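The values are calculated or read from the model by the stated rules, or taken from the named source; none is laboratory data. All values reported here derive from a predicted model rather than from experimental measurement. Here the Cβ positions follow ideal geometry from the backbone for every residue, glycine too, while neighbour counts run over all protein chains shown.
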Amino acid sequence: MELRKIKGFADILPPESILYNRIEETAKKVFALYMYQNIRVPIMEYTTLFTRGIGISTDIVQKEMFTMVDRKGRSITLRPEATAGIARAYIESGIAGIVKAYTIGPMFRYERPQKGRMRQFHQINCECIGSDSPVLDAEMITMLMHYIRELGIEDVSLFLNTLGCTACRPQYKKALIAYIEDTCREDLCETCQERLYTNPLRILDCKVPQCVAATQNIPTITEYICSECSEHFAVVQSMLRVFGISYTLEPRLVRGLDYYIRTTFEVVSNHIGAQSSLAGGGRYDGLIHTLGGKDVSAVGFACGVERLVLLMDTPTIPRVAYYIAPLCDEALVCAHAMATTLRSLGVVAECAYEVQSIKQALRYAGKHAQYCVLLGEDEIRNSMYSVKNLHTGVQEQYDKDTFIAFVQQSFHGMLE
Ligand code: HAM
């Protein structure tokens, strides 16, 4: 059988991988400004972490997990998201105080693959554990928008909602069920009819046109939230205005994970088709307690790397600064020794592994390099280096020391 990759899993090759690196490097740079530290948690966990953390009635847990049995008969799952694992790590490590953490890596969901939706995908994930301040919610959203802006991605919309808390949300759920029973139960799609008593909030973000039409005048959460949630949400919004972040209130934004309370948000792009959600997040004050830890508040988000990539221009692979071509057997060692010297000076150098003709060397270097260093019999005899500037076409000869001085001068910026 021909060997192929698994459906929904991708090889990420250059030049696309350059974008992945840029996305990760930018994340590190921006999050460091807010004092977030990198953490790495396992990509597999015991399945109960996700069933308890994400919620038994969510689509992720019901239909999308890659679950298997280990050699001792225990159920383990490839992480569909990072938040539950980070919450577990927080509890297990016994850390106290405010923890600001980010993690970058692959997640796994058994969904139908399409543009922007993979079974193995990558997330940039940020969490802050230890504060219930609404200022943190606003700062978290601001950091996300800062990050997206820093990637050069424009024309995105930020949607904001509150889901109330364990005190006020049950009333809203009751009102939602009553409204649907009275007005439109039969008009809903099969999945929403099934969800009505298990996860009625999800009906709000069902994209099936018949459900959207049937629920157009459905009561919104804003009419039901308690005064604490209302005050919290007001501060989040006023702080976002202070931070200069524009947003649109979206009372139907409920998100697909059960741990959220109060603030939820999503960043959407109009330029990448159906899978338009670039990032999503919110507050999850009850999660750590549900998983057996203290009653600690937290907020976070995750960005989908594959979707960010769709919005960025594919880069060209950068040219090597010096391509060194041995034109005779005697030049091979000398050429590689010079490449090593240049690299130790911080200059990107590449050297052929076999003897080349001048034509071969210049053809390759013309496409991939800034300078071509030619080392033939004459050069070896005279201890000289012929260096061709591939931009101007000018070729000059240097001895070793003047060549290194020339390199240091022309790559001054890189060497600092
Ligand atoms: P989520 O909305 O499930 O939230 O995922 C966040 C982002 O991951 C989405 O907005 C999307 O860009 C990307 N994503 C999700 N599924 C796929 C897929 N199959 N293929 C490609 N990209 C995908 C969470 O995962 C929460 N843990 C976020 C969070 C962190 N909340 C609090 N802290």
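Criterion first (closer than 24 Å to GLY97 by Cβ, within 14 Å of the ligand (Cβ to nearest atom) and either at pLDDT 95 or above or in a loop (DSSP other than H, G, I, E, B) (or both)) does GLY292 satisfy it? Judged against the criteria, GLY292 is not a match.
The conditions of being under 26 Å from PRO209 (Cα atoms) and buried (at least 19 other Cβ atoms within 10 Å of the Cβ) are not met by TYR147.
Filtering ASP329, ASP313 for residues that are among the acidic types (Asp, Glu), away from the ligand (no atom under 16 Å from the Cβ) and more than 25 Å from the chain's Cα centre (by Cα) leaves a single hit, ASP329.
Is it the case, given these coordinates, that GLU111 is near the ligand (Cβ under 10 Å from one of its atoms) and not in a helix (DSSP H, G or I)? It is true that GLU111 is near the ligand (Cβ under 10 Å from one of its atoms) and not in a helix (DSSP H, G or I).
Helices (runs of 4 or more DSSP H) wholly in region 176-282 with at least 3 residues that are within 16 Å of the ligand (Cβ to nearest atom) - which ones? Per the criteria, no element qualifies. Tell me whether region 406-415 contains one or more residues that are assigned to a strand (DSSP E or B) and touching a helix residue (DSSP H, G or I) at 6+ places or on another chain (Cβ under 8 Å). No, because not a single residue in region 406-415 is assigned to a strand (DSSP E or B) and touching a helix residue (DSSP H, G or I) at 6+ places or on another chain (Cβ under 8 Å). With respect to (1) more than 23 Å from SER131 (Cα to Cα); (2) surrounded by fewer than 15 Cβ atoms within 10 Å (Cβ to Cβ); (3) more than 31 Å from the chain's Cα centre (by Cα), the lone exception for LEU188 is condition (2). For GLU150, state whether it is modelled with pLDDT of 95 or more, under 27 Å from ASN270 (Cα atoms) and touching a Lys or Arg at 6+ places or on another chain (Cβ under 8 Å). Yes, satisfied.
Total residues in region 57-83 satisfying the condition of being within 14 Å of the ligand (Cβ to nearest atom), in contact with a strand residue (DSSP E or B) (Cβ under 7 Å, 6 or more places away or on another chain) and more than 20 Å from ILE6 (Cβ to Cβ): the figure is 2.
I'm trying to understand the selection: among the residues of region 369-396, which are assigned to a helix (DSSP H, G or I) and surrounded by fewer than 15 Cβ atoms within 10 Å (Cβ to Cβ)?
GLU377, ASP378, ARG381, ASN382
With the requirement that a residue be in contact (Cβ under 8 Å) with a residue 24 or more places away in the chain and not hydrophobic (A, V, I, L, M, F, W, C), what does region 189-215 give you? Residues satisfying the conditions are ARG195, THR198, ASN199, PRO200, ARG202, ASP205, THR215.
The residue pairs whose first member lies in region 57-85 and is at pLDDT 95 or above and aliphatic (A, V, I, L, M), whose second member is in a loop (DSSP other than H, G, I, E, B) and away from the ligand (no atom under 15 Å from the Cβ), and whose beta carbons are closer than 7 Å, counting only pairs six or more residues apart or on different chains, are ILE76/ASP70.
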